[in-house]
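Following: one structure in structure tokens, then a few remarks.
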Amino acid sequence: MNLYWLQSGGCSGDSMSLLTYEQNIFDFFEINKIELLWHASLSTISFTEHNNLLKKIEDDELELDILCVEGNVVTGPNGSGMFDSFMGKPKKDLIEMLAHKAKYVIAVGTCASFGGFGSHENEMGGIGLQFHHKDKGGFLGKDFKTKSGYPVINLPGCPIHPNSLTVLIEEIVSGIKVDLTGLNSIDEIYNYTVHQGCTRNEYHEYKVEENQFGERGCLFFHLGCKGPTTHSSCNKYLWNEVNSKTRAGVPCFGCARPDFPQEHPFFKTPSIVDTPIELPRGVDRAHYLAYKDMAAAAAPKRLKFRIQKV
Amino acid sequence: MITKNLSQQTYTMPSKQDKKPKLLWIQGHSCNGNSHSFLNLPNLENLIDNFEVIYHPILNSTHSYQEVTKCKLNCDILIFEGTFDYNLKRADISVYEVLKHYTQDAKMVVAVGSCASFGGIFKEISPESCCGLVFDKDKLTPPLIEQKGKVINLSGCPVHPKWLGFVLTAFLNEIKIYLDEQLRPVELYSSLAHHGCSRNEYFEWKVDSKNFGLKEGCLYYEQGCRAPMTHSSCNKILWNETSSKTRVGTPCFGCTEPDFPRKNLFTTQTNMSIPQEVPVGVSKRSYLTMAGIAKTFHIKRLEGKLIDYKTTD
Amino acid sequence: MITKQLIEQIEGEATLFFDTKDGLVESSTTSFENFRGVENILKNKPLFDALVITPRVCGICGHAHLMATVRAIEDLYKNSSHKIDISDKAQKIREFTLIMEIVQNHLKWIYFTALPELFKLKNIDKNSTQLKGAYGSSIISKAISVFAGQWPHSSYMVAGGITCDPTYVDILQAKDYVDQFISFFEKESLGVDIDKFLAFESCKDFNNLDSDVSTIEKLLIELKMNEKGFAHDRFIILGEHSFTKPSKLIQTRKYAVNSKYVTTEDSYSPNSKSYAKNALYKDEYYESGVLSRMMSSKLSPIVKNMHRRYKDSAYTRSMARIFELVYLVKYSKTLLDSINIFEPSCVEVTNISKISGTGVGVVEAPRGPLIHRIDVENGVIKDYEIITPTQFNIGSSTKQKPTPAQKAMVGSTIAEAKFIFKTFDVCSVCTTH
């Protein structure tokens, strides 16, 4: 199969992340018989060759299997899309053309999936490929389907964990049906919450909260951690095989959520009477308050007084 | 990573020592699990290059075990694997004599694995003569009780290769290792196996697992998981950089603790459906009340299948 | 004259007593002097605890013990009229992790036993590649830990199936690790693509290769190991798997087998107390392990060709181990591809405290058949018998009726005999357990 990797309104963080994949990513492509037609950072073909390639795809002389789009679709200024241009034309036109030719379209990263940076009221006018935040539609419209019958498959994350992409590519190459969540991301990666597998779990359980960074307690109650409300597998499939934000004491910023980046400060939890406004899904508030108060009272000394050295 | 040429030495971790310290690895009653676990250490080649390996049961060594038993050599760091037994001879020589001799000059003695730390599984061979180097289960004991100032216990069955890697690197770089009351490095053994378990939400909301082989549910309530009572970093520093027992649905057997192995390892002892043993340091009464309330929540997301969940609001 | 030799680094030690004449071995006896008594430790323990204890018989093949235990337990349930039907998925994942353990075992044999010993015999001082064995094994261990949580010493196989509930992501992760291992092995050890290697038909195919594996082949020939190390040319396989089936072979003729005919006898070791017992099948000694499996397999023409030329010499035995490694690595990927993750991981089983009776679990461990026989009353172990593959190969008997290893060492110098001994891939801890 072949793959075209297009970068639009993004920072190319997802490409960088891919290069950290535990296996050499080129070995990965080779083993899965993927021909990388074009990638802005990794390709070495000439400008002319690139143009010819695009023309071949447009004229249906070459069938495009997989289109990966990194970064959101830029519509600014004022809908013209010229903040992100290619060969004198807005990149969004190229995206539109390629998306309609490709068998599979993958939105790599939160920007491409849901809009991400530049998608809240601003002049960049960034929108996701098939979602704008949590609303279906985006650039290609809610009814868009590729030749394979799938909608745009979203791989949110800022950046993505390289696992997400390699798993999806392997499923596509093997012809396995890809199970999608309601936000069109892969079930098997995105149905966990970041909270599952966090090493500060006991502090969370007993409501031993931190008010400043560099300590060991839970970051959910005051310091802005969105782990319990964000769907991603960061604490299951660790980052760089070693760690994760929350394990390193950084609150989860909810970067895989459709509303990322949120409009309130990252490092502070919006709360009412010391309890976070947003609770883990499915938990009712009054009940939760009573439970957590009890839990805080039951907290063992070793947690309350941070006796543990880790 | 894969394409590095292993027959050429690429990078050697700098050591503060002038010449290579001598490492000697000897065994009591052992299954060799710790030796094999150690072979899985990432970058093993670079670490081991900093030592002169006098003897190791698997690795290239400068001497044979037979030569070691003549007790004419010495070592800087002595590693002991397996249960100590006063009556044990290996290669016709008493292991006790060998241990005594090499402990004298060693700057550090590492009891690697639960057998060497506390007695472990093979203590049951002969309970009167078998024990760990400094502890017999949870009681202090000879043979090395007098030298316990230089002993470090790395309990675990087997030991995690990175825990041993940490001690060896600290040794090379003369970094002080802080120990707990069981002589285990606090930086590795202060956390619980429970920290970082991917089933933590199920533990929190007291959703027990109905059987083995399911992603959902906590194994503490019925399947015997001892993670909330066991000191280790298994879910922090993953095994084989990949996983851990509880992440694949196997209950923690508490293998780093002095009482390993217990009985009925796959079942939780309960009293009126509440586990008899509650997490370390939590009062039983508070735990019971918490458990009671937690069970009144019925969070659909946690009661259903993990992967069936749809994220639309 | 009798010479005593201590053999080290064979997952423990063993003492060999060689009776030589004019510098050549006429006969020998073997003594394994370290004993732990795991079978005693298991008495009166709750049955399921055996799933935690038996892997600790051995650090390198603990997984095989786990599988033998779980098979014995499931056999017990069947014999007590509570038959358990584990899913195909559980069966395949168990096989996959077992296969991976066999692969890392053979890799370690190549780098920690074969190469160093061959260099020693040729007086070549060259040992810098040893840690390739550790590195390759660590990748394999990752593939195992995807399902088993950790390697060594996992207990993820339980009565009814397995504890893990893998998603497709896990299957792919395991495949990735296998691929990583293949890249490493092809480059660092084999010197050629694994498919090409598996298509080799004769020893000549090694002539143009320049790699660690071809070095082993060349050294074996130079040291005339193709003319030495002959055992009884009788082979046995007792474990039932998708990659091998139980049978016995007399040279190349196949016959059916049943593990109930396996018995043990005390070792003949007049010079020293040995805790090992010899394992026999219908009162005869049979070779077990890689050569047996490769001779019985339909997919390895080259090992059969080597056998045709060099019989069951030390050369054939050694090369068979290398071929099995490559063959299993390739097969493991096919196995992963065939797994249906929607099948249940573990079915419910009757409470063990209601179960009494006997059960047998047989598995092909890296070195050959591993048998666990259990006798249980109301879920508690009354008796537990373990018979390990090294007991088949490395028993110690009289000069008139030698075991496979004893026969293989006849006619060589002591130095050669020690190498031939190690071509059986000895596991001292398993032998005495």
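Test of the criteria: in region C:94-160, which trypsin sites (Lys or Arg not before Pro) are in a DSSP loop and have at most 14 other Cβ atoms within 10 angstrom of their Cβ?
Within region C:94-160, the qualifying trypsin sites (Lys or Arg not before Pro) (loop, at most 14 other Cβ atoms within 10 Å) are C:Lys122, C:Lys126.
For a quick check: sort C:Ile250, B:Ile93 by the number of other beta carbons within 10 angstrom, fewest at the front. Let's see the in-between values first.
Values: C:Ile250 13, B:Ile93 16.
Starting with the residue having the fewest Cβ neighbours, the order is C:Ile250, B:Ile93.
Plugging the Kirkwood radius over Cα pairs into Stokes-Einstein for region C:317-390, at a temperature of 20 °C and a viscosity of 1.002 mPa s, what D comes out in µm²/s? Walk me through the intermediate numbers first.
Numbers: Rh = 15.8 Å.
Value of D from the Cα-based Kirkwood radius: 135 µm²/s.
In Å, what Kirkwood hydrodynamic radius results for chain B from the alpha-carbon pair distances?
Evaluated over chain B, this radius sits at 21.2 Å.
Could you pull out the chymotrypsin sites (Phe, Trp or Tyr not before Pro) across region C:325-384 that fall in loop regions by DSSP (anything but H, G, I, E, B) with no more than 13 other Cβ atoms inside 10 Å?
Details: sites: C:Tyr327, C:Tyr331, C:Phe342, C:Tyr384; in loops: C:Phe342.
Passing both the DSSP loop test and the Cβ count: C:Phe342.
With every atom except the alpha carbons ignored, what do you get for Rg and Dmax of the protein assembly as shown, in angstroms?
That works out to 30.0, 100 Å for Rg and Dmax.
How are the alpha carbon pair distances in region B:265-307 distributed across 5 Å bins from zero to the largest one, expressed in percent?
5, 18, 21, 19, 20, 15, 3
Under the rule of at least 5 residues apart or a separate chain, name every residue whose amide H is placed under 5 Å from the amide H of B:Gln27.
Those qualifying (amide H under 5 Å, at least 5 residues apart or on another chain) are B:Glu81.
Where does chain A land at 222 nm, in deg cm²/dmol rounded to the nearest 500, when only DSSP H runs of n ≥ 4 count, each adding -39500 (n - 2.57), divided by all residues?
Values: 10 runs with 81 residues, N = 310.
The helix-only estimate for chain A comes to -7000 deg cm²/dmol at 222 nm.
Using only alpha-carbon positions, what ratio does the radius of gyration of region A:192-310 give when scaled by 2.2 N^0.38 Å?
Details: Rg = 13.8 Å, N = 119, 2.2 N^0.38 = 13.5 Å.
After normalising by residue count via 2.2 N^0.38 Å, the value is 1.02.
Work the Kirkwood hydrodynamic radius out for region C:110-230: mean of 1/r over every pair of different alpha-carbon atoms, inverted, in Å.
Result for region C:110-230 stands at 16.9 Å.
Under 10 Å, Cα contacts only: if you run a Gaussian network model on chain C, which one of C:Ser267, C:Ser338, C:Ser211 comes out with the highest mean-square fluctuation?
Greatest mean-square fluctuation among the candidates belongs to C:Ser338.
What are the extents of the Cα atoms of region A:2-186 along their three principal axes, listed from largest to smallest and rounded to whole Å?
Cα extents, longest axis first: 44, 40, 30 Å.
Whats the longest run of chain A with zero trypsin sites (Lys or Arg not before Pro) that are DSSP loop and have at most 13 other Cβ atoms within 10 Å? Please report the intermediate quantities before stating the final value.
Details: sites that count: A:Lys33, A:Lys142, A:Lys145, A:Lys177, A:Lys268.
In chain A, the maximal stretch lacking such sites is A:34-141.
Evaluate region A:127-170: find the radius of gyration of its Cα atoms, find its Kirkwood radius, and give the ratio Rg to Rh. Each step should come with its number before you reach the end.
Numbers: Rg = 11.5 Å, Rh = 11.4 Å.
Value, to two decimals: 1.01.
Looking at chain A, which Cys residues are left with no other cysteine's beta carbon under 4.7 Å from theirs?
For chain A, the answer is A:Cys11, A:Cys68, A:Cys111, A:Cys198, A:Cys218, A:Cys225, A:Cys234, A:Cys252, because their Cβ atoms have no other cysteine Cβ under 4.7 Å.
Please work out the C-alpha center-to-center distance from region A:248-282 to region B:246-301 and express it in whole Å.
30 Å
Between region A:139-173 and region B:111-179, what's the alpha-carbon centroid distance in Å?
Each part's Cα centre sits 50 Å from the other's.
For B:Thr270, A:Thr269, what's the fewest-to-most ordering of other Cβ within 10 Å of each Cβ?
Details: B:Thr270 12, A:Thr269 21.
Fewest-to-most Cβ neighbours within 10 Å comes out as B:Thr270, A:Thr269.
Partner chain Cβ atoms within 10 Å, averaged over the residues of A:174-183 - can you pull that number for me?
Details: counts 5, 0, 4, 1, 1, 4, 1, 6, 5, 4.
Averaged over the peptide's residues, the number is 3.
Collect residues whose amide H, placed 1.01 Å from N in the peptide plane, falls under 5 Å from the amide H of B:Asp208; neighbours closer than 5 in sequence don't count.
B:Cys218
Per-residue HN-Hα couplings for region B:255-261, Karplus 6.51 cos²θ - 1.76 cosθ + 1.60 at θ = phi - 60°, whole Hz, x for Gly and Pro?
Couplings: 6, 8, 8, x, 8, 6, x Hz.
Do any chymotrypsin sites (Phe, Trp or Tyr not before Pro) in region A:157-244 lie in a loop, going by DSSP, with at most 10 other beta-carbon atoms within 10 Å of their beta carbon, and if so which?
Answer in residue order: no site qualifies.
Considering all alpha-carbon pairs of chain C, what whole percent are spaced by more than 31 angstrom?
Numbers: 34836 of 93528 pairs.
Roughly 37 percent, rounded to a whole number.
When the C-alpha atoms of region B:192-303 are aligned to their principal axes, what extent does each axis show, in angstrom, from largest down?
Dimensions of region B:192-303 along the principal axes of its Cα atoms: 38, 30, 22 Å.
Is it possible to state the helix-based mean residue ellipticity at 222 nm for chain C, with each DSSP H run of 4+ residues giving -39500 (n - 2.57), the sum divided by total residues, to the nearest 500 deg cm²/dmol? What is it?
Details: 16 runs with 173 residues, N = 433.
So the helix-based figure for chain C works out to -12000 deg cm²/dmol.
How many angstrom lie between the C-alpha centres of region A:176-221 and region C:416-433?
When both Cα centres are located, 50 Å separates them.
Distance cut-off 24 Å, Cα to Cα: go down the list B:Lys263/C:Lys277; C:Lys245/C:Lys407; B:Lys245/C:Lys245; C:Lys78/C:Lys260; B:Lys100/B:Lys137; B:Lys100/B:Lys148 and report the pairs above it.
On the way: B:Lys263/C:Lys277 29 Å; C:Lys245/C:Lys407 26 Å; B:Lys245/C:Lys245 31 Å; C:Lys78/C:Lys260 17 Å; B:Lys100/B:Lys137 21 Å; B:Lys100/B:Lys148 13 Å.
The answer is B:Lys263/C:Lys277; C:Lys245/C:Lys407; B:Lys245/C:Lys245.
Rg over Rh of region B:135-254, using C-alpha atoms and the Kirkwood radius, what does it come to? Before the final figure, lay out the partial values.
Numbers: Rg = 16.4 Å, Rh = 15.7 Å.
Over the Cα atoms of region B:135-254, Rg/Rh equals 1.04.
Going by how many other beta carbons lie within 10 Å of each one, how would you line up C:Glu74, A:Glu58, fewest first?
Numbers: C:Glu74 23, A:Glu58 15.
Least crowded to most crowded, the residues run A:Glu58, C:Glu74.
So which of C:Lys254/C:Lys422; C:Lys224/C:Lys418; B:Lys236/B:Lys284 end up more than 19 Å apart by C-alpha? Each step should come with its number before you reach the end.
Values: C:Lys254/C:Lys422 27 Å; C:Lys224/C:Lys418 14 Å; B:Lys236/B:Lys284 27 Å.
Over 19 Å apart, Cα to Cα: C:Lys254/C:Lys422; B:Lys236/B:Lys284.
Kirkwood hydrodynamic radius, computed over distinct alpha-carbon pairs, for chain A: how many Å, to one decimal? Present the calculation step by step, with values, prior to reporting the outcome.
Numbers: mean 1/r = 0.0482 Å⁻¹.
When all Cα pairs of chain A are included, the Kirkwood radius is 20.8 Å.
Based on Cα positions only, what radius of gyration and what Dmax would you give for region B:22-189, in angstroms?
14.4, 41
Every read-out reported here was derived from the displayed coordinates using simple, explicitly stated rules and does not represent laboratory data. A quick note: this is a predicted structure, and the numbers were derived from the prediction, not measured. Note that we place each Cβ from the backbone using ideal geometry, even for glycine, and neighbour counts take in every protein chain shown.
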